[in-house]
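Below is one structure, written out as structure tokens, with a few remarks after it.
The values are calculated or read from the model by the stated rules, or taken from the named source; none is laboratory data. The structure presented is a predicted model; accordingly, all values stated were derived computationally and were not measured. Don't worry about glycine lacking a Cβ; one is built from the backbone with ideal geometry, like all the others, and counts go over all protein chains shown. For the accessible areas, the whole protein counts, side chains as well, though only heavy atoms, and no ligand, DNA or RNA atoms are used. Shrake-Rupley method; radii C 1.70, N 1.55, O 1.52, S 1.80 Å.
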Amino acid sequence: MEKKRNSRPLIAHLSMFDACAIWGLMAPLGKDAMTHGLDGLTMVSMRVAGGMFLFWVTSLLMQLFKSRTPNTNNLSPVKEHVPVRDRLMFCGAALFGLVFNQCCYTIGLSLTSPINASIVTTSMPIFAMILAAVILKEPITGKKALGVLMGCSGALILILTSAAATTDKVGDIRGDLLCLGAQFSFALYLSLFNPLIRRYSVFTINRWMFLWATIIVIPLTMPHLLSLQWSAVTVSAWWEAAYVVVFGTFIGYILTMIGQRTLRPTVVSIYNYVQPIVSVTVSIITGIGIFRWSQALAVILVFVGVWQVTKSKSRRDMEREAKRDASSKEQ
């Protein structure tokens, strides 16, 4: 038991590193797939429908396995009762956490460079801080304000560079703004639906969210899917799309949840830096993207900005310190 408890932090760190490395590789692979027969709308449809299929089938199989082997409680997700009200709330969570998030990111990736897209993904904690201040009334400290300013400066450099770019290997302002919108959407999802997320297990959350996302997305994209020239899709694009669905969507989500259950949010957010490192390296090697000094400066500003935001104190931390100070004075 003690050995198992000591291994949990290591498993959590490995899970977060693997998840962010998977997402870092997903940007150049997804970009390449969308230049060889697939497009943004098709990739979004494949992600939500594929994720829905994988989460539901895996959950059902694991519950069946658990019913036949009662002593494997830790190996399979618990079958949870989800009331109708929460099922409907999962629809709203799916809109912000999956539909808007994945539509904006995937379509944005099809327009801009995978390097820019991966750099922008690290800005999510900044949006989360701003929304937490507005919705949850979290205090904005000087450190947070400085972090937001630096992060926004980095994003602005990317956008201005993309506006002057003549090739999507450098970037595209439309794609950069869509990728930023994806981070804002996911931050809004975390702020609005945090109590709902905490009530259920990983598989329950993703089963219902991906089901709703599929119900919303597929009817809207079906005319486009039927008109697509499927014969023009290359074999390599199919393999790259399979990576995006299986690893980038299914396995990546599971690994992240494993890490988040053990590690502090500040530690989890630091692993976001792995994504652009992997994406930049692969993009340069394969020739999909070009890394310039302006992007390097943007990386530094965004990274330092996110670090400032995640290291600053939350309202809960301040309340705890106030209680400690009050109790020490009484003693």
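Numerical summary
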item: Residue count for region 268-283, restricted to those that are modelled with pLDDT under 75 and open to solvent by 30 Å² or more (accessible area, probe 1.4 Å); result: 3
item: Residue in region 123-130 that is in a loop (DSSP other than H, G, I, E, B), more than 30 Å from Ile288 (Cα to Cα) and touching a residue at least 24 places away in the same chain (Cβ under 8 Å) present; result: no
item: Hits in region 27-43 - residues which are open to solvent by 10 Å² or more (accessible area, probe 1.4 Å) and among the small types (Gly, Ala, Ser); result: Gly37
item: Only listed residue being farther than 30 Å from Ser283 by Cα and modelled with pLDDT under 90, chosen from Pro77, Pro28; result: Pro77
item: Verdict on Leu255 being on the phi < 0 side of the Ramachandran plot and either modelled with pLDDT of 80 or more or not in a helix (DSSP H, G or I) (or both); result: yes
item: Members of region 93-120 that are buried (at least 24 other Cβ atoms within 10 Å of the Cβ) and under 18 Å from Val280 (Cβ atoms); result: Tyr105, Leu109, Thr112, Ser113, Pro114, Ile115, Asn116, Ala117, Ser118, Ile119, Val120
item: Test: residue in region 240-250 that is surrounded by fewer than 16 Cβ atoms within 10 Å (Cβ to Cβ), assigned to a helix (DSSP H, G or I) and at pLDDT 80 or above; result: yes
item: Pick from region 207-235, criterion among the polar types (S, T, N, Q) and without any contact (Cβ under 8 Å) to a residue 24 or more places away in the chain, ranking: most open to solvent (accessible area, probe 1.4 Å); result: Ser231
item: Residue match in region 208-231 (condition: farther than 27 Å from Ser110 by Cα, at pLDDT below 90 and not aliphatic (A, V, I, L, M)); result: no
item: Flag if Tyr189 is in contact (Cβ under 8 Å) with a residue 60 or more places away in the chain, over 15 Å from Arg87 (Cα atoms), in a helix (DSSP H, G or I) and open to solvent by 30 Å² or more (accessible area, probe 1.4 Å); result: no
